[in-house]
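The values are calculated or read from the model by the stated rules, or taken from the named source; none is laboratory data. None of these values were measured; they are calculated from a predicted model. Because the Cβ atoms are built from the backbone with ideal geometry, glycine has one as well, and the counts that use them run over all protein chains shown.
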Amino acid sequence: MQDTPAKKQSTEFTEAVQHRIAALRNSVAFQNYEDVRNHVLRMKDLEAQRSETVLKPSAYWREELENFEYMLDAHPLIIDKLRHHSYHVTGLRVYDYRSNKDSVRELLAEKLEVLVKMGGHDLLVPEPRDMGGFGFEIEGQLYNIDTLKFYEVLIAMQRSSILPDLRKPADRKLVWEIGAGWGGFAYQFKTICSNVTYVIMDFPELFLFSGTYLKTMFPEARVEFFDHGSLGKLLGQWRDIDFLFVPNTFLDDFSPDQVDLAINMVSFQEMTSDQVRAYVEKAHELQSPYLYSLNRDRSPYNRELLSVSNIIAERFLPRQIPVLPVSYPKMLNKLTKARGLRARLKKKKVTRPDYKHIVGCHRMTLNGKHIPGSTGEAAPSLGLPPGEASE
Ligand SMILES: C[S@@+](CC[C@H](N)C(=O)[O-])C[C@H]1O[C@@H](n2cnc3c(N)ncnc32)[C@H](O)[C@@H]1O
């Protein structure tokens, strides 16, 4: 008996889906995911043997981690569109960037234009289309709030003279990002500063995003995960490694012979005061000349933290770098555009962005001398109106 056309069609669809899933299961991205997951599971096993309470996720992050438990057993179709699932980390949803959202696209394009005037095309890295990359199409490239946030950070780093040194091709540098989320900034940074070893310290679960993403986007890179043996051995070879993933619970064991920049973005604000202090003290102890932070002093839903900028100021001399008069998730409003950015920034009664680009300079290395006020004293002025630097 012959199949009816309708029945044949239905089988065709099923077969097409099965073929697609089988192909995706064999894809480089999915194989990278499986490899990363093995590392993550081993990291979680190691972590279970450790009991340091200060390193346990804050109440804020315990809740977040539970929301993407499914990433521990992700389907190939999920990995194929990994970026669609990173809303768990930075809150951006693909739906918000769908076609025909013209007025929103216009606002993002205007913000991009203002940023390009400040940063130029040299530092601009659009969202790649791979792994479900999404955003508004502007001049043939994709951009979203994450893309512009990272670009803003690169501009702040350029303005504070951190970046030029890190872009020198001859000299290998070590950059340490604490709480790198889905790995978007690491992607941009490594694209413009290729001679850098990028160390990511985070909860192991986050490596399911960042490890899979970066391993797939940089197929030639040497990527290492610390999940066994000695961290010291890996750190001894850091110059030959492109990306190194270290679980947050191994903070005490993290002692490379060089750190050129420590970075934290939209992450200290979600930790406990003790956790932020542990990272700031570690960056100081490792002689990192700079600690860069883009954070609010505290996330509205986090009750376990006092003030990010005050804690940074205990060990690093902070300088606020103005970039835009609005926080990164916001668009520029008409008033801002009409008055000009500089004029608006100078105006006294302006509402300042609650996210601050702060570059902290290591207190002990400024002019080779200990800078007074390093511990237990009031934080110096960040150039902010009174009350803004603390809760
Ligand atoms: C909102 S996400 C931001 C991610 C990324 N920095 C960005 O801006 O796209 C916060 C990040 O901080 C990490 N994080 C939270 N608490 C942490 C801790 N105690 N140690 C290390 N990372 C932590 C989270 O796992 C996550 O990767």
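Does segment 137-144 contain any residue that is in contact with a Pro (Cβ under 8 Å, 6 or more places away or on another chain), surrounded by 19 or more Cβ atoms within 10 Å (Cβ to Cβ) and in contact (Cβ under 8 Å) with a residue 24 or more places away in the chain? Scanning segment 137-144 turns up at least one residue that is in contact with a Pro (Cβ under 8 Å, 6 or more places away or on another chain), surrounded by 19 or more Cβ atoms within 10 Å (Cβ to Cβ) and in contact (Cβ under 8 Å) with a residue 24 or more places away in the chain.
If I ask for residues that are among the hydroxyl-bearing types (Ser, Thr, Tyr), farther than 12 Å from residue 248 by Cβ and within 16 Å of the ligand (Cβ to nearest atom), which ones from segment 38-78 would you list?
51, 53, 60
Residues in segment 282-300 that are in a loop (DSSP other than H, G, I, E, B), touching a helix residue (DSSP H, G or I) at 6+ places or on another chain (Cβ under 6 Å) and either within 14 Å of the ligand (Cβ to nearest atom) or closer than 16 Å to residue 364 by Cβ (or both): 296, 298, 299.
The set of residues in segment 256-281 that are within 11 Å of the ligand (Cβ to nearest atom) and over 22 Å from residue 184 (Cα atoms) comprises 272, 274, 275, 278.
None of 36, 40, 104 is closer than 25 Å to residue 128 by Cβ, surrounded by fewer than 15 Cβ atoms within 10 Å (Cβ to Cβ), in contact with a strand residue (DSSP E or B) (Cβ under 9 Å, 6 or more places away or on another chain) and of a type in the set (A, V, I, L, M) except 104. Every test in (1) farther than 19 Å from residue 152 by Cβ; (2) at pLDDT below 95; (3) in a loop (DSSP other than H, G, I, E, B) is passed by residue 335 save one, and that test is (3). Listed by first and then second residue, the pairs linking a residue in segment 260-281 that is under 22 Å from residue 157 (Cα atoms) to a residue that is of a type in the set (Asp, Glu), with Cβ atoms under 6 Å apart and 6 or more places separating them unless they lie on different chains, are 263/177. Picking from residues in segment 79-125 that are among the polar types (S, T, N, Q) and in contact (Cβ under 8 Å) with a residue 24 or more places away in the chain, the one that is farthest from the ligand (Cβ to nearest atom) is 86.
A count restricted to segment 235-265 and to residues that are of a type in the set (Lys, Arg) and crowded, with 18+ Cβ neighbours inside 10 Å stands at 0. Checked against the criteria, residue 24 counts as over 23 Å from the mean Cα position of the chain (by Cα) and either within 16 Å of the ligand (Cβ to nearest atom) or at pLDDT 95 or above (or both).
Every residue, every condition in (1) closer than 26 Å to residue 48 by Cβ; (2) modelled with pLDDT under 95, yes or no:
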{"site": "234", "(1), (2)": "yes, no"}
{"site": "242", "(1), (2)": "no, no"}
{"site": "247", "(1), (2)": "yes, no"}
{"site": "252", "(1), (2)": "yes, yes"}
{"site": "272", "(1), (2)": "yes, yes"}
{"site": "289", "(1), (2)": "no, no"}
{"site": "317", "(1), (2)": "no, no"}
{"site": "339", "(1), (2)": "no, yes"}
{"site": "349", "(1), (2)": "no, yes"}
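Limited to segment 243-278, what total is found for residues that are in contact with a helix residue (DSSP H, G or I) (Cβ under 7 Å, 6 or more places away or on another chain) and part of a helix (DSSP H, G or I)? Total meeting the criteria: 14.
Against the list (1) buried (at least 20 other Cβ atoms within 10 Å of the Cβ); (2) not in a loop (DSSP other than H, G, I, E, B), the condition residue 227 fails is (2).
Can you tell me how many residues within segment 215-245 are among the basic types (Lys, Arg) and within 14 Å of the ligand (Cβ to nearest atom)? Give the derivation first.
Restricting attention to segment 215-245, the residues satisfying the condition of being among the basic types (Lys, Arg) are 215, 222, 233, 239.
If we keep only those that are within 14 Å of the ligand (Cβ to nearest atom) as well, we get none.
Adding up the residues that qualify gives 0.
Take residue 82 and decide whether it is within 30 Å of residue 69 (Cα to Cα) and buried (at least 19 other Cβ atoms within 10 Å of the Cβ).
Working: within 30 Å of residue 69 (Cα to Cα): yes; buried (at least 19 other Cβ atoms within 10 Å of the Cβ): yes.
Answer is yes for this residue.
Residues that are among the charged types (D, E, K, R) and within 18 Å of the chain's Cα centre (by Cα) within segment 266-309 comprise 270, 296, 297, 298, listed in sequence order. Quick one: is residue 179 within 24 Å of residue 276 (Cβ to Cβ), at pLDDT 95 or above, in contact with a strand residue (DSSP E or B) (Cβ under 9 Å, 6 or more places away or on another chain) and of a type in the set (Gly, Ala, Ser)? Answer is yes for this residue.
Have a look at 303, 319 and point out the one that is in contact with a helix residue (DSSP H, G or I) (Cβ under 9 Å, 6 or more places away or on another chain), surrounded by fewer than 22 Cβ atoms within 10 Å (Cβ to Cβ), not in a helix (DSSP H, G or I) and not aromatic (Phe, Trp, Tyr).
Numbers: 319 fails: in contact with a helix residue (DSSP H, G or I) (Cβ under 9 Å, 6 or more places away or on another chain).
On inspection, the qualifying residue turns out to be 303.
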